[in-house]
Structure formats: C-alpha cells, structure tokens
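What follows is a short report on a single structure.
Readers should treat all values here as calculations from the given coordinates under stated rules, not as data from a laboratory. Just so you know, these numbers come straight off a predicted model, no measurement behind them. Ideal geometry is used to build each Cβ from the backbone, glycine not excepted, and the neighbour counts take in all protein chains shown.
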Amino acid sequence: MPNSKYAYDPTEGMSELELLLAGVGRGMHHTGLGVGQMLGMVSRQDAENARMDDGPLLDRLSGRIGNVVGMSSLLAPAAMIPGANTLLGAGVIGATGGLLQPSTSNEETLRNIAAAGLMGPTSIGLGRGLAEAKGLLSPQVMQIAR
C-alpha cells in the first residue's frame, strides 16, 4: 500500500521485515544526527530535511517500531551503569536519550528531554506494579529490586 502523499515512496514494495530493519537503521542514524547537532555539525534544517526524507518509512508501523528499536539500542549499554535500574537512573538515561534526538527548535529539544525523561521511570514503575499485581515476584524480591 503506497503512501500517495509523497512524490516518491522508497518503501513501496518493501516487506514488513525490510521496513523494520530500515526503521532500525533510521533510528540509529537519527540519533547520530542529534549528536552531530549537539556538536554543531548538523543544523536544524538538516534535521528537518531528514524528517521529510524519512516520512514514507515512518508512516509504516514496522518502520516506526524499527525506529524506536534503533534509537533505544544505542542507549542499551547505559543499563549497565550502577543505579540505572532506579527511577532516577532511568529518568536520567531517558532524558539523555531525548537530548540526543535532533530537533528543529529549542522547544522541541525540551519536549524531547521531558518526554523521554518520564518514559524510563514510568516503564520501571509499570513493570514493578504489574509484577506485584500478578504475584510474579515475591515481596522479598521486590524489596531487593528497589
């Protein structure tokens, strides 16, 4: 199903796996653009151009999922940092991930930091809550995990 709102759709004819893998690559590259932006090597216009180029891919669910996987995979080693499994640690790692995303304005940068900074602690809290609610972990194990 081609995206008719684009003059050219490079995703046309791609399988779901190809879309997923292209999304992973896009997520990694996009984070690299954010780092380049922080170093003054990538402009806000470059970030906007990349978004327009990636529109057809991100209009596909598999492309969006791959994009998140690609961006997240670059932060995965941060899970080894002592304290990363705490609410504060997860918040700091998330906020750092938000900061590393390219943006077209200072306001967008702040929104990225805030949104990603809240995702880490929220996911930890939800995971712990579900584990307790389902009785998956004993109270003793939950006490150690905190």
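Compute the Cα gyration tensor for the range 35-84, then decide on rounded, prolate or oblate, letting a ≥ b ≥ c be the square roots of its eigenvalues: rounded whenever a/c is under 1.5, prolate when a/b is larger than b/c in the other cases, and oblate in all that remain. Since a/c reaches 1.5 but b/c is at least a/b, the shape of the range 35-84 is classed as oblate.
One chain, two ends: Leu110 and Glu16. Fully extended at 0.36 nm per residue, the span grows by 30.5 nm beyond their Cα-Cα distance. Between helix 106-133 and the chain, what is the angle of the helix's C-alpha long axis to the longest principal axis, kept within 0 to 90° and rounded to the nearest 10? Helix 106-133 and the main axis of the chain meet at about 40 degrees.
Annotation: peptides 45-55, 61-71, ranked by per-residue average of other Cβ atoms within 10 Å with the highest first, follow the order 61-71, 45-55. Multiplying the residue separation of Leu118 and Met38 by 0.36 nm and removing their Cα-Cα distance gives an extension gain of 26.7 nm.
Looking at the P(r) of the chain, how many percent of alpha-carbon pairs lie beyond 19 Å?
Numbers: 6413 of 10585 pairs.
I get 61 percent for the Cα pairs in the chain exceeding 19 Å.
Once the Cα atoms are used to define both axes, helix 61-75 deviates from the longest principal axis of the chain by about 60 degrees.
Quick check on the exposure proxy: order Leu87, Leu33, Leu126 from fewest to most C-beta atoms within 10 angstrom. Could you put the intermediate results ahead of the total?
Details: Leu87 15, Leu33 19, Leu126 10.
Fewest-to-most Cβ neighbours within 10 Å comes out as Leu126, Leu87, Leu33.
For Glu48 and Met80, the difference between the fully extended length at 0.36 nm per residue and the C-alpha to C-alpha distance is 8.2 nm. Taken one residue at a time, the phi angles of the range 39-49 give Karplus couplings (6.51, -1.76, 1.60, θ = phi - 60°) of 8, x, 9, 10, 8, 5, 5, 4, 5, 5, 4 Hz. Gly and Pro are set to x.
Toward the positive end of the charge dipole of the range 8-146, with +1 on the Cβ of Lys and Arg and -1 on the Cβ of Asp and Glu, the farthest Cα among Met52, Ala114, Ala133 is that of Ala133.
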